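Taking it in order: structure first as structure tokens, then the write-up.
The values are calculated or read from the model by the stated rules, or taken from the named source; none is laboratory data. Bear in mind that the values here come from a model prediction, so they are computed numbers and not experimental data. Don't worry about glycine lacking a Cβ; one is built from the backbone with ideal geometry, like all the others, and counts go over all protein chains shown.
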Ligand SMILES: CC(C)(COP(=O)(O)OP(=O)(O)OC[C@H]1O[C@@H](n2cnc3c(N)ncnc32)[C@H](O)[C@@H]1OP(=O)(O)O)[C@@H](O)C(=O)NCCC(=O)NCCS
């Protein structure tokens, strides 16, 4: 299938919301996604199919890395439509994300993931992330610990 990675636009938000819901990702409202489109520090990418439908997305931000006086990035959410998983679309999204933030000066990427989300943890490890800490009862609905991961890029 011909998949392209592109910057997210308003027309993708409906599909992003549906992927988020299907994936059980932390709930972001339409307004929250829309406001990221307007933020200069936001990095919001989509994977689109031949019909320009969004079948995956990654969202994060460039942030100051206060410890070393440089830039870092955070990933807030990544999701691929269930029917298209395990075909390396998530890999293309995360590589595009890290390439883009590296071009903007980031040297590290941070993220939090539910400790029971072993698929995502494997996926992130495959992409060079390592576990560096955890937060007890970080998530609600359902309550769960967070595993904190980072990659040097
Ligand atoms: C995590 C997610 C984005 C991965 O996307 P994907 O396109 O299916 O992943 P890829 O095909 O690029 O997989 C890359 C590698 O990750 C690992 N991986 C991916 N899915 C896996 C699974 N179900 N079990 C074990 N390892 C897995 C494998 O090492 C895989 O490489 P391989 O297929 O060559 O063995 C996808 O599973 C998803 O949308 N999950 C639901 C949302 C979610 O949990 N997001 C994370 C929130 S923090």
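Going through the range 1-26 one residue at a time, which ones are within 17 Å of residue 91 (Cα to Cα), at pLDDT below 95 and part of a helix (DSSP H, G or I)?
If the condition is that a residue be within 17 Å of residue 91 (Cα to Cα), at pLDDT below 95 and part of a helix (DSSP H, G or I), then 23 is the only one that fits.
Filter the range 27-52 for residues that are in a loop (DSSP other than H, G, I, E, B) and surrounded by 13 or more Cβ atoms within 10 Å (Cβ to Cβ) and give the result. Break it down into steps so the answer makes sense when it comes.
Going through the range 27-52, the residues in a loop (DSSP other than H, G, I, E, B) turn out to be 27-29, 38-41, 49-52.
28, 41, 49, listed by residue number.
Which condition number does residue 91 fail, the rest of (1) surrounded by 17 or more Cβ atoms within 10 Å (Cβ to Cβ); (2) in contact with a helix residue (DSSP H, G or I) (Cβ under 8 Å, 6 or more places away or on another chain) being met?
With respect to (1) surrounded by 17 or more Cβ atoms within 10 Å (Cβ to Cβ); (2) in contact with a helix residue (DSSP H, G or I) (Cβ under 8 Å, 6 or more places away or on another chain), residue 91 is out only on (1).
Restricting to the range 139-149, give me the number of residues that are farther than 22 Å from residue 80 by Cβ and either within 12 Å of the ligand (Cβ to nearest atom) or modelled with pLDDT of 95 or more (or both).
Number of matching residues: 2.
Output the qualifying pairs, or none if there are none: Cβ atoms under 7 angstrom, residues six or more apart or on different chains, first residue in the range 76-99 and free of Cβ contacts under 8 Å to residues at least 60 places away in the same chain, second residue assigned to a strand (DSSP E or B) and within 6 Å of the ligand (Cβ to nearest atom).
What qualifies is 90/78; 90/80; 94/78.
Determine whether the range 47-56 contains at least one residue that is at pLDDT 95 or above and within 24 Å of residue 115 (Cα to Cα).
yes
Among the candidates 119, 98, 87, which residue alone is more than 17 Å from residue 16 (Cβ to Cβ), at pLDDT 95 or above and either more than 16 Å from the ligand (Cβ to nearest atom) or in a loop (DSSP other than H, G, I, E, B) (or both)? I'd like the intermediate steps shown before the answer.
On the way: 119 fails: either more than 16 Å from the ligand (Cβ to nearest atom) or in a loop (DSSP other than H, G, I, E, B) (or both); 98 fails: either more than 16 Å from the ligand (Cβ to nearest atom) or in a loop (DSSP other than H, G, I, E, B) (or both).
Unique residue meeting the criteria: 87.
Would you check which residues across the range 122-140 are part of a helix (DSSP H, G or I) and under 18 Å from residue 25 (Cα atoms) and list them?
Just the residues of the range 122-140 that are part of a helix (DSSP H, G or I), to begin with: 122-126.
Result: 122, 123, 124.
Yes/no matrix, rows are residues, columns are (1) more than 15 Å from the chain's Cα centre (by Cα); (2) under 28 Å from residue 87 (Cβ atoms):
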| residue | (1), (2) |
| --- | --- |
| 23 | no, yes |
| 33 | no, yes |
| 39 | yes, no |
| 44 | no, yes |
| 48 | yes, yes |
| 64 | yes, no |
| 69 | yes, no |
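For the range 97-109, check the following and say yes or no: at least one residue is within 23 Å of residue 14 (Cα to Cα) and touching a strand residue (DSSP E or B) at 6+ places or on another chain (Cβ under 9 Å).
Within the range 97-109, the subset within 23 Å of residue 14 (Cα to Cα) is 97.
If we keep only those that are touching a strand residue (DSSP E or B) at 6+ places or on another chain (Cβ under 9 Å) as well, we get 97.
Yes, because at least one residue in the range 97-109 is within 23 Å of residue 14 (Cα to Cα) and touching a strand residue (DSSP E or B) at 6+ places or on another chain (Cβ under 9 Å).
For the range 53-84, what are the residues that are farther than 16 Å from residue 2 by Cβ and either in a loop (DSSP other than H, G, I, E, B) or away from the ligand (no atom under 16 Å from the Cβ) (or both)?
62, 63, 64, 65, 66, 67, 68, 69, 70, 71, 72
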